[in-house]
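*Asks:* Input: one structure, supplied below.
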Amino acid sequence: ELLRAMVAENIFELQQMAYEYMRIDKSLLLELSEDHLDELAVNLDNWLSVDTYSAVVGLAWSESVISMDKIEKYLDQKDFWFRRIGVVSTVYFNQQLRGDQLDFTIKVCERVVGDHEKNMVKALSWALREVVKYDSELVVDFLAKHEERLHKQVIREVNKKLYTGLKN
């Protein structure tokens, strides 16, 4: 109820606090359902609110509060901010599971490989750079397979991470 009230105020800082509470308090996160998460997905129209909410989604996914089906629903949205949630959530999913389920991330990345909206390009690059930490060969294969459709920024940033360990 507190989280709903905070988000309902339509005050950016309260929304961020609600998302941070969910991210930090694992017991609270485990009490939520997919419907609760949907109720809290409001005013997601900027990179900070979307990425903070994506952390909650990724953690919820890693704890089986939501499934891959929910991530696919995000990816099917016309609104690129919701598609970004689907991609960025993989970063937090992988961090929680320490790379145990990389096949899910690759499935997500394959779904958006041709999406060249700038916020999606950045999200895809971030997701792949996170996978590099756990399985660099998987990322090398992904880049080779999708090179023709990938945005040049994704290729450049991910290759930089592969060969230098840095983004920039």
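*Asks:* Suppose the Debye formula is applied to equal point scatterers at every Cα of the range 35-84; what is log10 I(q)/I(0) at q = 0.17 Å⁻¹?
*Replies:* Log-scaled intensity ratios, in q order: -0.46.
*Asks:* With the crude spin-label approximation of a point 7 Å out along Cα→Cβ, what separation in nm comes out for Lys118 versus Gln77?
*Replies:* The two pseudo-label positions are separated by 2.0 nm.
*Asks:* Let me ask something else about it. How large is the charge dipole for the range 1-99, taken about the Cα centre, if only the Cβ atoms of Lys, Arg (+1) and Asp, Glu (-1) carry charge, to the nearest 20 debye?
*Replies:* I would put it at about 400 debye.
*Asks:* Of Lys78/Lys133; Lys78/Lys160; Lys70/Lys122; Lys107/Lys152; Lys107/Lys161, which pairs sit farther than 26 Å apart, going by alpha carbon to alpha carbon?
*Replies:* Lys78/Lys133; Lys78/Lys160
*Asks:* With the full set of protein chains in place, find how many percent of the accessible area of the range 1-135 is carbon and sulfur; take the probe as 1.4 Å.
*Replies:* Of the solvent-accessible surface of the range 1-135, carbon and sulfur hold 49 percent.
*Asks:* Test of understanding: what is the full-extension gain from Leu14 to Asp69, defined as 0.36 nm times their sequence separation minus their Cα-Cα distance?
*Replies:* Fully extending the segment from Leu14 to Asp69 adds 16.9 nm.
*Asks:* So how far apart, in nm, are the two label points at Asp103 and Ala5 if each is 7 Å from Cα heading toward Cβ?
*Replies:* If labels sit at Asp103 and Ala5, their model points lie 4.5 nm apart.
*Asks:* Now a separate question. For Rg and Dmax of the Cα atoms in Å, which listed value, (i) 19.7, 60; (ii) 15.8, 48; (iii) 18.8, 65, comes from the coordinates shown?
*Replies:* From the options (i) 19.7, 60; (ii) 15.8, 48; (iii) 18.8, 65, the structure gives (ii).
*Asks:* While we're looking at this one, here's another question. Suppose all protein chains stay in the model; what accessible area per residue would a 1.4 Å probe give for the chain, in Å²?
*Replies:* Normalised by residue count, the accessible surface of the chain is 51 Å².
*Asks:* Going by average Cβ density within 10 Å per residue, which order do the peptides 51-61, 95-105 take, highest to lowest?
*Replies:* Ranking the peptides 51-61, 95-105 by packing returns 51-61, 95-105.
The values are calculated or read from the model by the stated rules, or taken from the named source; none is laboratory data. Just so we're clear, the structure is a prediction, and the values are computed from it rather than from any experiment. In this analysis, Cβ positions are derived from the backbone assuming ideal geometry, glycine residues included, and neighbour counts consider all displayed protein chains. SASA here: full protein model, heavy atoms, side chains in, ligands and nucleic acids out. Shrake-Rupley method; radii C 1.70, N 1.55, O 1.52, S 1.80 Å.
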